[in-house]
Amino acid sequence: MSSTAANGDASFGSRPTGILHRTPWRPPVASSAEGIYVTLENGKKLIDAVGGAAVACIGNGHPAVRKAIKEQVDKVAYVYNMQLSNEPAEELAHYLLQASKGAFDLVGFVSGGSEAMEGVIKTARQYFYETGQPQRKNFIARQLSFHGNTVATLSLAYHPTRRAPYAAILDTENFHHVSPAYAARFKSADETEEQYVERLRKELEDKFIELGPDTVVGFVAETVVGATTGVVAAPKGYFKAMKSVCDKYGALFILDEVMSGMGRMGTLHAWESYGDGISPDLQAVAKGLGGGYASIGAVLMSKRVASGVRDASGFWKHGHTYQANPLACAASLAVQKVIADENLLENVRTIIGPTMGTLLRERLQGPNAPARPFVFDIRGGGAWWGIEFDFDGPEAAGRVDLAKIKEPFAMAVQARALENGLIIMGFTGGASLDGKKGQHCMLSPAYNVTKEQIETIVDGFVQSVEQVLKEAGL
């Protein structure tokens, strides 16, 4: 099975593209979409089971969002945020702050997740610069993390294969890393969960001391790790322990919820349900903020950070041309109101999460499941699930020949799923610190999918997994 044929446009040679795509082939071209269904230019209809990249949280074509965008175009399409503010930006900011129930005091808008994390880095530095601590210049993040595709955010994160082409220009003096909180892979067999958390807490404190505690800006983590390791939540008590180190030395506690936030895990902020209920000093959000209807991200600032900036310069020393764009903010505000008005977080918590988790485990890990020997872990919650495969375990070793499929297993499953009419995401390299081991797939459907649609998604995914295993000789 060829990735080009399965994932891309079979007529690539006769249909040249002027785009430098993120794949070696020309991807299929979408011509229309409604809800979770996407129609290609050749008429084939697909189910989007991953929301693009955990973005399309209410699907395509929602009438309330279309109406809001059209109305805003007729009012104000663009103003430059250093000269003029605009009504939808002001309203969206108030909406987000009110929804945070006191966790945040100010918001800064940007155009996406990488920009949001870049904004977090600069805002954190600005806070200490303006509060008389200019010696604070070091950030501590985690291995097997992803925080964006800019040079600074690649430096902040640590995924070996993603960093490799740019390693020579990444900043290794101001960005430092500690172990991931990934118990299934890195907790010792003789450790309790509490002991594992304590080991990670001590490692972070040791890194503070190594760098000089008063030089550390903050600790940065994804509340639930996304594409890099595949929907990995930290052990209970982990974020409370990490924040205690930050508090002890006066550093900032910073969360990246670009993927996990804005309802994906069943609560507006993932830290409410998967982060020990610990609110951060700074937080980045993006994907579920605009739901794919606009390019938008945001930096959420606690009262501590907001007061530090307001009491000094009084303004954000950071910005972009399309920051707080009226169209993007109007679209985002409409998306957030749809989520609230249609009670979609309840659907995520009570229907999507339990149904998807149960079906995936029954179909992939049940006693008669063909894939059972090869499924290392099924994890997640709400509308976000990761399925990790392992072919080196005692039950799996020697049962299939992966060389027969000529590409990484997870990518082969992604390709076969597309052939079967299902959009998912496959990844490699998330199971070892060197990025050379690991196969996982990710599902992140819209918050308004029905139980029947979830069943169809799981059916298509399991079928694709079993077909690839059969092709590998099972």
Looking at the chain only, what percent of DSSP beta bridges run antiparallel? Nearest 5 please. 65
Let me have the relative contact order for the range 337-474, percent, based on Cα pairs under 8 Å that are six or more residues apart. 28
Using each residue's phi in the range 234-245, evaluate 6.51 cos²θ - 1.76 cosθ + 1.60 at θ = phi - 60° and report the 3J(HN,Hα) Karplus result to the nearest Hz, with x for Gly and Pro. 6, x, 4, x, 5, 5, 4, 5, 5, 5, 4, 5
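Mind pulling the per residue volume of the convex hull built on the Cα atoms of the range 215-259? Å³ is fine. Provide the component values of the computation, followed by the final result.
Details: hull volume 3.2 nm³, N = 45.
Considering the Cα atoms of the range 215-259, their hull volume per residue is 70 Å³.
Rounded if a/c is under 1.5, else prolate if a/b beats b/c, else oblate: with a ≥ b ≥ c from the C-alpha gyration tensor eigenvalues square-rooted, which is the chain?
Numbers: a/c = 1.69, a/b = 1.20, b/c = 1.41.
Oblate.
With a 10 Å radius around each residue's Cβ, average the other Cβ atoms per peptide and rank 67-76, 280-289, highest first.
Working: 67-76: 14.3, 280-289: 28.4.
For the peptides 67-76, 280-289, the packing ranking is 280-289, 67-76.
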Residues with amide H under 5 Å from that of residue 177, placed H, sequence gap 5 or more: 141
Using the Karplus curve 6.51 cos²θ - 1.76 cosθ + 1.60 with θ = phi - 60°, what ³J(HN,Hα) values do you get for each residue of the range 62-79, in whole Hz, with x for Gly and Pro? 5, x, 5, 6, 4, 4, 5, 5, 4, 5, 5, 4, 6, 9, 9, 8, 7, 9
With a 1.4 Å probe and all protein chains left in place, how much of the accessible area of the range 63-342 comes from carbon and sulfur atoms, in whole percent? 52
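Beta carbons within 10 angstrom, averaged per residue: use that to sort the peptides 237-250, 142-155, 192-205, highest first.
On the way: 237-250: 18.4, 142-155: 21.9, 192-205: 16.2.
Taking the mean over residues of other Cβ atoms within 10 Å, the ranking is 142-155, 237-250, 192-205.
Of the listed pairs 137/437; 187/404; 137/202, which have alpha-carbon separations greater than 30 Å here?
137/437; 187/404
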With only Lys, Arg, Asp and Glu charged, each at its Cβ (+1 for the first two, -1 for the last two), find how big the charge dipole of the range 395-474 is about the Cα centre; round to the nearest 20 debye. 240
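Fully extended, how many nm does the chain gain between residue 459 and residue 343 (0.36 nm per residue separation, minus their Cα-Cα distance)? Don't jump to the answer; show the numbers that get you there.
Working: separation 116, 0.36 × 116 = 41.76 nm, distance 2.64 nm.
Here the segment from residue 459 to residue 343 would lengthen by 39.1 nm.
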Where both residues lie in the range 63-342, what percent of DSSP beta bridges are antiparallel, nearest 5? 40
Separation between the residue 20 and residue 236 pseudo-spin-labels, each 7 Å from Cα along Cα→Cβ, expressed in nm? 4.9
Using a 7 Å offset from the Cα along the Cα-to-Cβ direction at both residue 164 and residue 150, what is the distance between the two label points in nm, to one decimal? 2.6
Helix-only estimate, please: 222 nm mean residue ellipticity of the chain, summing -39500 (n - 2.57) across DSSP H runs of length 4 or more and dividing by its residues, to the nearest 500. -11000 deg cm²/dmol
Taking a probe of 1.4 Å, how large is the accessible area per residue of the range 63-342, in Å²? 40
Name the long-range amide H neighbours of residue 252: under 5 Å, sequence gap of 5 or more, or other chain; modelled H, no Pro or chain starts. 218, 219
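Can you give the Kirkwood hydrodynamic radius of the range 342-444 from its Cα pairs, in Å with one decimal?
Value: 14.7 Å, from the Cα pair sum.
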Can you pull the three principal axis extents for the Cα set of the range 254-374, in Å, largest first? 64, 30, 26
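In what sequence, highest mean first, do 131-139, 173-181 appear when ranked by Cβ atoms within 10 angstrom? Intermediate results must be reported in sequence, preceding the final value.
Numbers: 131-139: 16.7, 173-181: 18.2.
The peptides rank, most packed first, as 173-181, 131-139.
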Per the charge dipole of the range 63-342 (beta-carbon charges, Lys/Arg positive, Asp/Glu negative, Cα centre), the residue among 253, 159, 235 reaching farthest to the positive end is 159
Would you mind computing, in nm to one decimal, how far apart the modelled labels at residue 83 and residue 195 are, each placed 7 Å from Cα along Cα→Cβ? 6.4
Quick one: putting +1 on the C-beta of Lys and Arg, -1 on the C-beta of Asp and Glu, what dipole do you get for the range 86-151 around its Cα centre, in Debye to the nearest 20? 520
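Can you put 140, 423, 209 in order of accessible area, largest first, using a 1.4 Å probe? Intermediate values should be presented prior to the final figure.
Details: 140 0, 423 40, 209 95 Å².
Putting 140, 423, 209 in descending order of accessible area: 209, 423, 140.
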With θ taken as phi - 60° and the coefficients 6.51, -1.76 and 1.60, list the Karplus ³J(HN,Hα) couplings across the range 304-319 in order, rounded to whole Hz; mark glycine and proline as x. 4, 5, 4, 5, x, 6, 5, 7, 10, 5, x, 8, 7, 8, 7, x
Alpha-carbon Rg with Dmax, taken over the range 179-313, Å: 15.7, 52
For all pairs of alpha-carbon atoms in the range 1-158, what percent lies in each bin of width 5 Å, listed from the first bin to the last filled one? 1, 6, 9, 11, 15, 16, 15, 11, 8, 5, 2, 1, 0
Quick shape check on the range 308-354: root eigenvalues a ≥ b ≥ c of the Cα gyration tensor, a/c under 1.5 is rounded, otherwise prolate if a/b tops b/c, else oblate, and it reads prolate
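What is the magnitude of the charge dipole of the chain about its Cα centre, with +1 placed on the Cβ of each Lys and Arg, -1 on the Cβ of each Asp and Glu, and no other charges, expressed in debye to the nearest 20? Present the calculation step by step, with values, prior to reporting the outcome.
On the way: 47 positive and 51 negative charges, 100 e Å.
Here the size comes out at about 480 debye.
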Hey, for a label at residue 395 modelled as a point 7 Å past Cα toward Cβ, could you say which residues of the range 355-375 have their backbone N under 11 Å away? 364-375
Residues meeting the amide H criterion for residue 222 (H placed from the backbone, H to H distance under 5 Å, 5 or more places apart or on another chain) are 256
Determine the principal axes of the Cα atoms in the range 63-342, then give the extent along each, sorted from largest to smallest and rounded to whole angstroms. 62, 41, 40
List, in the order given, every pair from 122/303; 101/240; 45/337 whose Cα-Cα distance in the structure shown is over 25 Å. 45/337
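So for the chain, averaging the separation of alpha carbon pairs under 8 Å that are six or more residues apart and normalising by length, what relative contact order in percent results?
21
The values are calculated or read from the model by the stated rules, or taken from the named source; none is laboratory data. These figures come from a predicted structure and were not determined experimentally. Note: ideal-geometry Cβ built from the backbone for every residue, glycine included; neighbour counts use all protein chains shown. Each accessible area value is taken on the protein alone, full model and side chains, heavy atoms only, with ligands, DNA and RNA left out. Shrake-Rupley method; radii C 1.70, N 1.55, O 1.52, S 1.80 Å.
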